[in-house]
Amino acid sequence: MRVSVDKGRCQGHARCHAVNPDLFPLDDVGFSALASAEVPPGWEADARAAVNNCPEMALTIEE
Amino acid sequence: MSTADETKKAVRAQAARVGDVPNECWINVRDEATDCWETAYEVVANTRGTIRKAADVLLCPPTLTVLMIVIVLPRRLRLSDTRKRDTAPSPLTSTGLNMMMNRIDYVGRHDGRRAGLRVTDVPVRHGFMHSEDTALRREGYPAWERLLHETPTFESDYRSRHTDNRIWYLLRYEDVYSVLRNTSLFSSVGFTHPDYESEFLMIPSEMDPPEHTKYRTLLNPILSPTRIAEMEPAIRARCRRLVEEIRDRGECDVINDFALRFPTVVFMDMLGVPTDDLDTFIGWVHQSQHTSHADDPDGRIRDAADRAIHEFMLGIAEQRRSDPREDIVSRLVQCTLDGRPLDRRELGGMLYLLFLAGLDTVASMLGWSLMHFAQNASDRSRICTQPELISSAVEEVLRYYSIVVISRHVTASGKAQGCPMAKGDRVIVPLATANRDPEAFPDAGRFVLDRSPNRHIAFGVGPHRCVGSHLARLELRVALEEWHRVIPEYRIPESADLGLRVGMFVTSLQSVPLRWAGGPVLGR
């Protein structure tokens, strides 16, 4: 599973970071520092929760 | 002088340009001598078909003459009286004409006068303004839910000194989301609200990208999650002190004794000003944000408070210029934009925004939170026994008790969100209805403490997303933690009037009286 962020949509709500700060790091201004990452095993539920929690719908999952 | 046919043709072409197909062609005629954008009169379609078509009306000279006479009569004969709605329509008398949901637009010319056509079925709520609506003021959220259910999109023909344009209310989550993300069509520039006129510009909330972006880039680092997290111990200490001052009283008015004081004291610490002036600050907030139109019809009280806030903040800025510290004002004073420092207007506008944006809002949310937990014992007991749920509870309070109503103006005519908008029209999007939209949230009308996911937009979406959201969340979480640590059981006295105030931009509670088993304990 891969999770990616559309940086053009990210507005720094940090709701993803609230779900899992390691999976969804922020830059020092509070915007997603993710780009695209492989989701470690056991964190799939967190990844899905974060995607569903983003008000800007900036996150996508590739299974 | 065009014929009725030519006018109708022109009008259909106009409608086709915005993508609509008119099914009834009515002529709306207005006296140009007054040069007023308000409708002098309207002739509308009756779905029961008891009004004859315009063609019939126009081609009948006596009727036309009477219609013209009727139409040039002064505004006081305007049929905006809702009790006329059910009377049988007759084109021969002003009282016989039926005002209905489908209205008329201005698009052409006929006999030297403006003539028009309505091509939409967006309903109209005559004279509706959320800050003046009695149902909203009396009931709050259930009234918003009813509006969402009955007319998720509607037009209001409310007019004021400051606006002659139409107002579109868009209540659905999907529409609110679209509006707030489309900053080029829905602009924040200028007077964004029909009734609100102020000489003080909030920077950058009253700007659009790309200008908005330049200032926003300066604010983001100052209120970033990392910066805010660093402030947690100091914020918690402030909160603890406030709660402990109240604890032994056994009663308080949450709004005045705690909810407004807490974020204000935090803000004063952020500014590096002594908190002895707390009551002055709170006074300014009240005068700037809480004066009603009745108390302050010219806005003089509000303007005086706004001026005081500006002068105070600019005074601090001057001090920090010569004596910089590690605080937000110092950082802003040292910022550069396009290679130059911020000027007085920019600093004033940004500091004014920072001053006002985080006080009333956080205070209202705290009021709503404690009101909710006072009235919902099982939710309260859950957060007392499981304080790790408080973060999630804060999100659900933000969703369920959203307080902000956002306003924009339309920059280009055309169909948007199902409405035939004209350039200059106002759009009002209440976050409360978006956040209670059953199409966006399962069980939207219920408060679910550990709701997940919770994609609420209480802090907005798009480039104007509340820059203080991280601070607000921290303050709410800390306040609920500290309060319940010390006062876990409390209630609202019977027949307490919470004084709901539906403001133009923010809905607030004026008072939340609470009682608990407290008072001085012997031996402590």
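Does residue B:281 count as aromatic (Phe, Trp, Tyr) and touching a Ser or Thr at 6+ places or on another chain (Cβ under 8 Å)? Judged against the criteria, residue B:281 is a match.
One line per residue, one yes/no per condition, for (1) of a type in the set (Lys, Arg); (2) outside any loop (DSSP other than H, G, I, E, B); (3) touching a Lys or Arg at 6+ places or on another chain (Cβ under 6 Å):
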position	(1), (2), (3)
B:437	no, no, yes
B:447	no, no, no
B:460	no, no, no
B:471	no, yes, no
B:475	no, yes, no
B:478	no, yes, yes
B:481	no, yes, no
B:485	yes, yes, no
B:501	yes, yes, no
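Among the residues of region B:115-133, the ones that are among the charged types (D, E, K, R) and at pLDDT 80 or above come to 3 in all. How many residues does region B:434-493 hold that are at positive phi and within 14 Å of chain A (Cβ to nearest Cβ)? Residues flagged as at positive phi and within 14 Å of chain A (Cβ to nearest Cβ) within region B:434-493 amount to 2.
Yes or no, residue by residue, for (1) of a type in the set (Val, Ile, Thr); (2) within 17 Å of residue B:455 (Cα to Cα); (3) out of contact with any Phe, Trp or Tyr (no Cβ under 6 Å at 6 or more places or on another chain):
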{"site": "A:17", "(1), (2), (3)": "no, yes, no"}
{"site": "A:22", "(1), (2), (3)": "no, no, yes"}
{"site": "A:26", "(1), (2), (3)": "no, no, yes"}
{"site": "A:35", "(1), (2), (3)": "no, no, yes"}
{"site": "A:42", "(1), (2), (3)": "no, no, yes"}
{"site": "A:48", "(1), (2), (3)": "no, yes, yes"}
{"site": "A:63", "(1), (2), (3)": "no, no, yes"}
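For residue B:441, all conditions in the list (1) without any contact (Cβ under 8 Å) to a residue 40 or more places away in the chain; (2) in a loop (DSSP other than H, G, I, E, B) hold save one; what is the number of the exception? Among (1) without any contact (Cβ under 8 Å) to a residue 40 or more places away in the chain; (2) in a loop (DSSP other than H, G, I, E, B), the lone unmet condition for residue B:441 is (1).
Taking chain A and the strands (runs of 3 or more DSSP E) fully enclosed by it, the elements with 2 or more residues that are more than 11 Å from chain B (Cβ to nearest Cβ) and crowded, with 20+ Cβ neighbours inside 10 Å are at A:2-5.
Of note, residue B:427 satisfies the criterion of being outside any loop (DSSP other than H, G, I, E, B) and either of a type outside the set (Phe, Trp, Tyr) or within 14 Å of chain A (Cβ to nearest Cβ) (or both).
Residues of region B:371-382 that are in a helix (DSSP H, G or I) and either under 17 Å from residue B:446 (Cα atoms) or of a type in the set (D, E, K, R) (or both): B:371, B:372, B:373, B:374, B:375, B:377, B:378, B:379, B:380, B:382. For region B:211-249, filtering for residues that are outside any helix (DSSP H, G or I), more than 14 Å from chain A (Cβ to nearest Cβ) and either under 26 Å from the mean Cα position of the chain (by Cα) or under 22 Å from residue B:404 (Cα atoms) (or both) leaves 0. Condition first: surrounded by fewer than 19 Cβ atoms within 10 Å (Cβ to Cβ) and either of a type outside the set (Gly, Ala, Ser) or not in a loop (DSSP other than H, G, I, E, B) (or both). Now tell me which residues in region B:396-422 satisfy that. Selection gives B:411, B:414, B:415.
Screening the candidates B:450, B:425 for the property of being within 23 Å of residue B:180 (Cα to Cα) and surrounded by fewer than 22 Cβ atoms within 10 Å (Cβ to Cβ) yields one hit, B:425.
When each of B:488, B:493 is tested for being surrounded by fewer than 17 Cβ atoms within 10 Å (Cβ to Cβ), in contact with an Asp or Glu (Cβ under 9 Å, 6 or more places away or on another chain) and modelled with pLDDT of 90 or more, the lone residue that passes is B:493. Apart from one condition, residue B:524 fits all of (1) out of contact with any helix residue (DSSP H, G or I) (no Cβ under 7 Å at 6 or more places or on another chain); (2) at pLDDT 95 or above; the exception is (2). Mind listing just one residue for me: the one in region B:503-513 that is crowded, with 22+ Cβ neighbours inside 10 Å and touching a Lys or Arg at 6+ places or on another chain (Cβ under 8 Å) and, of those, farthest from the other protein chains (Cβ to nearest Cβ)? Here the answer is B:509.
The values are calculated or read from the model by the stated rules, or taken from the named source; none is laboratory data. Owing to the predicted nature of the structure, the values given are computational and were not obtained by experimental measurement. So basically every Cβ, Gly included, is an ideal-geometry build from the backbone, and we count neighbours across all protein chains shown.
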